[in-house]
Every structure is written in C-alpha cells, then in structure tokens.
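Peer 1: Following this message is one structure expressed as structure tokens.
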Amino acid sequence: MSLWRGLAVVCPACRGELAAGPPGATCAGCGASYEDEDGVLRLVAGRLGVPGFDPHFFSALHEVEDRHFWFVGRRQVVLSALRREVPDFASRRLFDIGCGSGGLLAFLARSGVPVCGACDVYPESLRLVRTRLDVPLLLVDEGRRPPLGPGYDLFGMFDVLEHVDDDVDALRGLWEALAPGGGLVLTVPAHPWLFDEMDEIAFHRRRYRRSDLRRALDLAGFEVKLLSHFMAPLVPVLTVVRSLGRPFGRRSSTERRQIEFRVVPGVNGLMRGVLALERAAMARLALPFGSSIVAVAARPR
Ligand SMILES: [Zn+2]
C-alpha cells in the first residue's frame with residue numbers, strides 16, 4: 001500500500017500502487033505522475049468536469065460559515081452525532097470527502113476530532129482549506145470514487161452524496177476504503193418534495209427520505225447507527241419560500257442564494273437558539289422531520 005504524507009492513496013487512472021513522495025507521486029502501474037502543490041496532491045486523471053458548485057461562492061461561504069445558523073447548527077449536529085455514536089472518535093483519524101472550504105472540518109479539529117486529511121474536486125476550495133488547516137489535501141476527480149487505499153478509520157461526508165449520480169457506488173467505495181469497524185458520518189438534504197431550482201443550481205441530483213438513505217447505506221454494506229432529520233424549523237420556511245417561489249420578489253436563483261447565505265442579526269440568533277433546542281431533543285430520539293438528515297454508519301468488523 002502506498003502512503004502519501006500518511007494517507008493511503010492509489011492511482012486515480014488505474015487504481016495501481018503509487019510510489020509516493022513528498023513531493024508528488026508516480027504510478028508503478030501506468031506510469032502517470034501526480035504533482036504536489038503546496039501540500040495538495042493533484043490526484044486527478046483529467047476528469048475534473050463541470051463544477052457542480054459555483055466556485056464564486058466559496059469566498060463568501062468562508063466568511064459566513066462561522067456565523068450563519070445553518071452552518072453553525074449543522075456542525076454542532078455532526079459533533080454531537082460523533083460524540084454519541086463514535087465514542088472512541090478521539091482515537092480515530094477523520095478524512096473528509098468533499099471538504100468544501102473546510103469550515104466544518106476546522107471546527108471538528110478544534111473540537112478534538114483528529115483529522116488526517118481531506119479531498120475535494122475544486123482547487124479553489126482546497127486553497128481556502130489550506131488557510132484553515134495544516135493537513136494533507138487531495139484534489140480528486142468529480143464523479144469517480146476517490147483514489148483512496150484501504151485502512152481508514154473514519155470518513156466525514158457533509159452535503160456531498162446528493163451531488164453524486166450513483167450514490168450506492170460512492171458509498172461502496174468508502175466502505176472498501178474503511179478498515180473493519182471504521183465509521184462514516186454524513187449529512188444530506190432531506191424531503192424530495194422540497195427539491196426545486198435552488199437544488200438544481202447547486203447541481204443536486206436528489207434530496208433524501210430517511211428510508212432512501214438507509215437503503216443506500218444497507219446496499220453498500222454499512223450498519224446504520226444513527227439516522228435522524230435535523231433543521232425541522234427550516235421545513236415550513238423552505239416550503240413557503242419554495243412553493244410560493246417569490247417571497248423575495250422576482251429574483252434570479254443566484255440572488256436568492258445570496259439572500260439565503262445572508263446573516264440577518266435577529267433571525268440568525270433566534271434560529272441558532274431554536275436549533276440548540278432541537279439538538280437537545282435529538283439526544284433522546286431520531287427526528288422524523290427536518291430539512292437535513294444526519295447519519296452515522298459503520299463497516300461491520
Ligand atoms: Zn496508474
């Protein structure tokens with residue numbers, strides 16, 4: 001098995017063994033070579049594809065992620081889920097699949113979760129992650145299984161699975177890269193009836209029912225430990241916003257997106273408080289309702 005800066009990696013073109021640096025890496029099978037730029041290994045086989053997420057938004061995200069109720073609420077839910085369902089998380093090392101600008105990952109690292117690395121399909125997002133975290137980073141192909149070798153302890157995948165065409169295949173790829181007993185914590189957008197143009201501009205293929213996500217995890221071989229909705233207070237808001245369509249006036253989806261990312265002082269504080277109450281309820285039961293779903297699953301030993 002090849003290690004690059006401590007990460008088990010394989011050739012993205014032929015999935016063969018890599019003779020790994022640092023810097024860079026070369027495939028022993030097909031001879032392809034991969035560059036290391038500032039601690040980012042460009043592990044791509046040339047299929048970066050069309051960005052499923054407008055890179056223009058990355059710098060805005062970077063600024064709002066630490067304040068906006070949606071991002072703050074989501075990261076707290078993820079941390080609570082890890083503490084409850086993966087009690088030995090401090091002795092594992094988490095690798096983040098599709099880390100975006102890295103706000104959630106940096107928060108987990110600050111909260112005592114050991115982080116071993118992350119991958120994403122956008123160089124722009126990895127540049128932002130680099131400003132927040134000093135961990136090995138992989139630039140990977142969109143729409144393919146990430147080129148990871150076996151033996152990982154714990155994967156995070158936050159609002160990524162809904163972008164993937166074949167979600168069961170993607171989960172199966174993670175199952176194979178996990179050591180027996182390894183874990184996966186993930187979040188996805190929920191309630192297919194909320195799917196609208198805002199999902200389309202974010203290149204979402206779907207939103208999930210809890211039963212959909214359970215079935216995909218089952219088919220990939222995972223044992224499901226936790227499957228709960230969260231962000232229940234957002235469902236009525238999104239229903240109104242999305243079914244009436246234009247409470248903001250006749251705006252483009254890009255403008256609507258900028259509005260959704262705005263931090264409105266009173267509303268933001270109120271929502272953060274309501275979501276804290278929701279988390280207290282989640283410690284007792286899995287919620288059947290909410291605009292997102294959090295899951296924790298394990299590869300059986
Ligand atoms: Zn190769």
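Values in this text are rule-based calculations from the coordinates and carry no lab data. Predicted, not measured: the structure shown is a model, and the values here were computed from it. Using ideal geometry, Cβ is built from the backbone for each residue, glycine included, and neighbour counts are taken over all protein chains shown.
Peer 1: Can you give me the angle between helix 265-282 and the longest principal axis of the chain, using Cα atoms only, in degrees from 0 to 90, rounded to the nearest 10?
Peer 2: 70 degrees
Peer 1: Okay, moving on. ³J(HN,Hα) across region 106-113 via Karplus (A = 6.51, B = -1.76, C = 1.60, θ = phi - 60°), whole Hz, x for Gly/Pro?
Peer 2: 5, 5, 4, 4, 5, 8, x, 8
Peer 1: Using a 10 Å cut-off on Cβ atoms, rank the peptides 2-15, 255-268 from the highest mean neighbour count down.
Peer 2: Numbers: 2-15: 19.4, 255-268: 13.4.
Result, highest mean first: 2-15, 255-268.
Peer 1: Given an 8 Å cut-off on Cα distances and at least 6 residues of separation, report the relative contact order of region 1-42 as a percent.
Peer 2: Working: 69 pairs, mean separation 11.0, N = 42.
Over region 1-42, the number comes to 26 percent.
Peer 1: Residues with amide H under 5 Å of Cys116's amide H, sequence separation 5 or more or different chain, H placed in the peptide plane at 1.01 Å from N; which?
Peer 2: Correct list: Leu94, Phe95.
Peer 1: How much of the DSSP bridge set in the chain is antiparallel, in percent, rounded to the nearest 5?
Peer 2: Of those bridges, close to 55 percent are antiparallel.
Peer 1: If packing is taken as the average count of other Cβ atoms within 10 Å, what order do 106-114, 290-298, 139-147 fall into, highest mean first?
Peer 2: Numbers: 106-114: 17.1, 290-298: 24.4, 139-147: 20.3.
Descending packing order for the listed peptides: 290-298, 139-147, 106-114.
Peer 1: Tell me whether region 44-298 comes out rounded, prolate or oblate; compute the Cα gyration tensor, take square roots of the eigenvalues as a ≥ b ≥ c, and use a/c under 1.5 as the rounded threshold.
Peer 2: It is rounded, given that a/c, with a ≥ b ≥ c, falls under 1.5.
Peer 1: Additional query: Residue by residue through region 186-197, what is 3J(HN,Hα) from phi via Karplus (6.51 cos²θ - 1.76 cosθ + 1.60, θ = phi - 60°)? Round to whole Hz and write x for glycine and proline.
Peer 2: 9, 10, 9, x, 10, 6, x, 6, 8, 4, 8, 5
Peer 1: How far is helix 123-132 tilted, in degrees, relative to the longest principal axis of the Cα atoms in the chain, given as a value from 0 to 90 rounded to the nearest 10?
Peer 2: That helix lies at roughly 80 degrees to the long axis.
Peer 1: Hey, what number do you get for the chain at 222 nm if only DSSP H runs of n ≥ 4 count, each worth -39500 (n - 2.57), divided across all residues, to the nearest 500? Write down the numbers at each step before the final one.
Peer 2: Working: 10 runs with 106 residues, N = 301.
Per the formula, -10500 deg cm²/dmol.
Peer 1: Once amide H atoms are placed 1.01 Å from N in the peptide plane, what residues at a sequence separation of 5 or more from Leu43, or on another chain, have their amide H within under 5 Å of its amide H?
Peer 2: Under 5 Å from the amide H of Leu43 lie the amide H atoms of Leu139, each far enough along the sequence or on another chain.
Peer 1: Express the relative contact order of the chain as a whole percentage, based on alpha carbon pairs under 8 Å and six or more residues apart in sequence.
Peer 2: With pairs under 8 Å counted, the relative contact order is 19 percent.
Peer 1: Let me ask something else about it. Please sort 24-36, 159-171, 116-128 by packing, taking for each peptide the average over its residues of neighbouring beta carbons within 10 angstrom, highest first.
Peer 2: Working: 24-36: 16.6, 159-171: 19.2, 116-128: 21.4.
The packing order, highest mean first, is 116-128, 159-171, 24-36.
Peer 1: Ok, one more. Got a sec? How would Val185, Val86 order by Cβ neighbour count within 10 Å, fewest to most?
Peer 2: Values: Val185 27, Val86 23.
Ranked by crowding around the Cβ, least crowded first: Val86, Val185.
Peer 1: How far, in degrees from 0 to 90, does helix 234-244 lean away from the longest principal axis of the Cα atoms of the chain, to the nearest 10?
Peer 2: Helix 234-244 and the main axis of the chain meet at about 70 degrees.
Peer 1: Another question, if that's okay. Just to confirm a number: summing +1 for Lys and Arg and -1 for Asp and Glu over residues other than Ala190 whose beta-carbon lies under 9 angstrom from that of Ala190, what do you get?
Peer 2: Values: positive: Arg207, Arg209, Arg210; negative: none.
Every neighbour counted, the sum reads +3.
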